[in-house]
1. Suppose R0 equals 30 Å; then what is the FRET efficiency for T9 and R337 from their Cβ-Cβ distance, rounded to the nearest 0.05?
2. What is the Cα radius of gyration of segment 108-194 over 2.2 N^0.38 Å, N being its residue count?
3. Could you sort the peptides 109-120, 175-186, 381-392 by per-residue average Cβ neighbour count (10 Å cutoff), highest mean leading?
4. Based on Cβ point charges of +1 for Lys and Arg and -1 for Asp and Glu, what charge dipole magnitude is obtained for the chain about its Cα centre, in debye rounded to the nearest 20?
5. Hey, could you grab the Kirkwood Rh for the chain? Inverse mean 1/r over distinct alpha carbon pairs, Å, one decimal.
6. Pop out the carbon and sulfur fraction of the accessible area of segment 52-92 as a percent, whole number, probe 1.4 Å.
7. About the Cα centre of segment 259-378, how large is the charge dipole given +1 on each Lys and Arg Cβ and -1 on each Asp and Glu Cβ? Please answer in debye to the nearest 20.
8. In nm, what is the difference between 0.36 nm times the number of residues separating V355 and A129 and their Cα-Cα distance?
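The values are calculated or read from the model by the stated rules, or taken from the named source; none is laboratory data. Quick caveat: nothing in here was measured; it's all calculated off a predicted structure. A quick note on method: Cβ atoms are made from the backbone with ideal geometry, for glycine too, and the neighbour counts reach across all protein chains shown. Note: accessible area is taken over every heavy atom of the protein model, side chains too, but ligands, DNA and RNA are not part of it. Shrake-Rupley method; radii C 1.70, N 1.55, O 1.52, S 1.80 Å.
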Amino acid sequence: MRLLLVAATTGYQTREFAQAAARLGVELVLATDRCEHLDDPWGDGAIAVRFEAPHDALPSLEAAGPFTGVVALGDRTTFLAALFAGQAGLPFHSTPAVEAARSKFLSKERFRAAGLRQPAFQRFPAGMAPDEAARSVPFPCVLKPMALSGSRGVIRADDAAGFVSSFRRIAGLLEDPDIRRRKDEQDQFIQVESFIPGREFAIEGLMTNGRLKVLAIFDKPDPLDGPYFEETIYVTPSRHRTEEIVAAVARGVTALGLSHGPVHAEVRVNSDGAYLLEIAARPIGGLCARALRFNGGISLEELVLRHALGEDVSAMEREPAASGVMMIPVPKAGVYRGVAGVEEARRLPGIEDVVISAKQGQLLKMFPEASSYTGFLFSRAATPEAAEAALREAHALLRFDIAVELMRK
């Protein structure tokens with residue numbers, strides 16, 4: 001059995017899937033946006049593709065086949081995965097569905113057409129005069145770059161002056177060479193949505209022939225009210241009523257047309273009900289999936305691979321214990337030198353692991369420009385309250401050494 005894994009990088013999430021494939025005894029073939037002129041620099045036999053030219057990648061993927069299934073990590077990869085799956089006759093979300101899911105604008109249009117509760121929204125060209133755009137938006141509002149993930153570039157504005165400043169800041173971020181190099185048409189726009197107060201939740205699920213199976217619902221206990229929206233703690237199971245959340249996500253995936261494969265949704269809930277923010281055609285990103293275990297200790301990565309291979313996973317359920325993950329915030333901008341307190345944090349009751357992903361000498365940025373965290377904390381306990389408390393206690397023990405970056409001439 002052979003699986004095609006379409007991934008934007010060869011980072012830790014890709015390694016987690018490679019390890020899961022090895023446990024299953026399945027050959028995993030990686031397709032990634034690596035320079036095609038380099039002769040297998042990592043020794044992993046990966047297929048070099050360009051996500052901005054998905055049709056050009058199809059011959060290389062076809063030549064590497066046949067495959068039993070396909071899995072995509074990250075939003076940029078899903079269209080190529082869907083395109084190839086359709087050509088190869090493999091089960092996966094359709095290309096129109098993933099195209100809508102990876103676009104904040106198209107997905108909101110689908111939700112509106114289906115009559116779903118969501119923020120009011122409109123989009124503006126990034127090169128537009130921001131004071132002109134400010135005349136047509138409600139306040140408070142949230143400005144979002146359309147193709148960035150992980151809350152990068154997301155800013156709340158409470159008045160016209162704040163809107164103009166935020167718009168210019170996001171437009172400047174979109175001029176970053178690494179972003180421009182992607183040649184994504186969505187990076188030419190900024191989306192503006194009405195701010196929805198309330199609690200925020202993340203939902204992990206699997207679609208099988210159009211049917212949604214909810215794998216986990218995460219509480220986000222820290223308020224996400226702005227001006228920036230750096231996420232920190234996820235804890236599951238939820239301590240709140242979730243029926244309306246599940247119903248909203250089920251209607252949302254139907255509106256998008258997502259049919260087969262992982263889905264990850266973000267929902268806000270207040271006294272008016274559940275508001276759909278986003279639904280992505282991919283699993284949760286980074287190392288956050290380590291917070292989830294299923295029947296017999298199966299990881300989320302293994303569950304996704306089993307599903308892609310055609311195995312019936314409908315009976316799989318999350319373990320009874322509560323669990324949580326903290327995406328460790330960047331305490332200040334500068335050059336990362338190291339961290340103390342890791343071993344003390346690991347020894348705390350309820351803490352399963354401490355992973356520091358920042359590298360010595362790495363330049364760390366603050367949100368909203370930041371694209372990464374300093375690391376991850378993982379907890380497991382009898383209750384969600386205990387899992388959350390362990391994460392907060394462990395985080396308080398970490399002492400980061402970050403040097404102020406000197407201005408370069």
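1. 0.75
2. 1.07
3. 381-392, 109-120, 175-186
4. 340 debye
5. Radius from the Kirkwood sum: 22.1 Å.
6. Heavy-atom surface of segment 52-92 belonging to carbon and sulfur, 1.4 Å probe: 55 percent.
7. The dipole of segment 259-378 has a size of about 540 debye.
8. Difference between extended and current length: 77.1 nm.
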